[in-house]
Amino acid sequence: MIQLISFLVIGALLLVSLYSFARSSNRAEGGSGAMVQAKHALNALQAGLLPPELVGRIFSREDLEYVESETSEEIRELFMEERKKVALFWVSRVRKQVLSLKRFHLGSARFYARLSLRTELALAVDFATLLFACRALQVFLYLRGPYAAPGIVGSTAATAARVCKISEKSLSFLTPAYAGTVGDRATRPARP
Amino acid sequence: MLSLIIWSCGVFLEALLLFRGLRAKLFLRYPNFYIYVLSLFLSDGLLYLAYLAKLASYDKWSWYAGFLNLFLGCGILLEVFRHVLSRYAGVEKFARIVSFGIMGAVLCFAVIYLMFAPDGSAAHALFVRLQRDFLMVQAILLFGLLQLVSYYGISMGKNLKGMILGYGQTLGVTLIALALRAYIGPRFQSVWTLAQQLTYLAALAIWLVNLWSYCANPVPESKIGVEADYEVLAAKTRDMVGAASTQLVKVNRL
């Protein structure tokens, strides 16, 4: 019986994998385009999503206190709804950029003959854990709202900033000269 | 009767596939795949004639052809290794080590068993068992390969994609049907035969469409530095995700 189940499971898994394989695109990834994308992701995180003043402003309690003291209950609810949307959007953007960095690592690592199986497996687990943690944070914000735990926002921003700092080192071999080269190549029209 | 019609359709499609392979000069590009198709064409064609002529040696030769085609089916995986993974040294290294290890083990088992098999019925029993195990190994390999291709974002041309899709669907359906036949028994035999023939016909149709003419694999734009860069890349990325994970876990505990 165990043998039957294992054969059925492997057969079914193979057919499901083939289905997603058939639907995947033929776009070549991981080249200069991916490096530029990773660099953009890093810039977006550092300049657009993580500055403390911006994060502080989005999740500021002062705004909530003002709305609570000066306006009606309906406006307060509307305000909370909007802030929740902004918070969720912010986390999803951070998660998206972390995914972009992950794609960059995979796109670069696959070319190296000295690729280490153990390191890659460990990294795969680490990335999965990090992305899961981001998702959990999204759920937390969705259920409890942006003001439920003020520490979360600051910590998340700090975490993402830390990610950026280390990513920047990871992308350091994109020297200005080389980054310029790949940037130019990425903006050219694709070859037939 | 239906079985014979499907059989003759299969021989026709194999011949057409070989003809297109010659015309489009795909034979030279994918030799392992076309050796497999040629072997299928010769065995199916000759066995078809032997079956119609009611030759006594039909049964014996059908088992031999079955063994040969089972083994040559790996040619498709070899083509994927040769054409796609060869561009990605790291991924290719993993795939090669694992594949040769598993293939070698199964082949050794088959050879040793055949050497000590007492008679023809043992060869039949061996074929059924070996077919199941060998297909299982190939299915695991193909599944692993598809996961690697998906994880590292490796893209393929129409030709190789067609080879994998055609062979993969036959592999998956045959594996499921084999398991069900072992469980249900002789009652499932007619369904099993029909399912196997239809999926094989579907595979030939997929191959014919995707291998009608040559389609190059997308070339990845890569510019890598020295090998030492990998250690730097891996270490930095690992630091990055490790630190981020620790912080996020703390955040979630708040």
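The values are calculated or read from the model by the stated rules, or taken from the named source; none is laboratory data. Note that this is a predicted model, so its numbers are computed, not measured. FYI the Cβ positions are ideal-geometry reconstructions off the backbone, even for glycines, and counts take in every protein chain you see. Quick note on the areas: whole protein, heavy atoms, side chains included, nothing else; ligands and nucleic acids left out. Shrake-Rupley method; radii C 1.70, N 1.55, O 1.52, S 1.80 Å.
Enter the Cα centre distance for the pair the stretch A:1-18 and the stretch B:1-34, rounded to the nearest angstrom.
Here the answer is 29 Å between Cα centres.
Roughly how many nanometres apart are two label points built 7 Å out from the Cα toward the Cβ at residue A:65 and residue B:3?
So the two model labels end up 8.5 nm from each other.
Per-residue mean of other chain beta-carbon atoms within 10 angstrom of the beta-carbon, peptide B:148-155?
6
Which whole number gives the average count of other chain Cβ atoms within 10 Å of the Cβ atoms across peptide B:157-170?
So the per-residue partner count for this stretch is 2.
How much of residue A:85 can a 1.4 Å solvent probe reach, expressed as accessible area in Å² and rounded to 10?
Near enough 120 Å² of accessible area.
Could you order B:199, A:71 by accessible surface area, starting with the largest, using a probe radius of 1.4 Å?
The residues order as A:71, B:199, largest area first.
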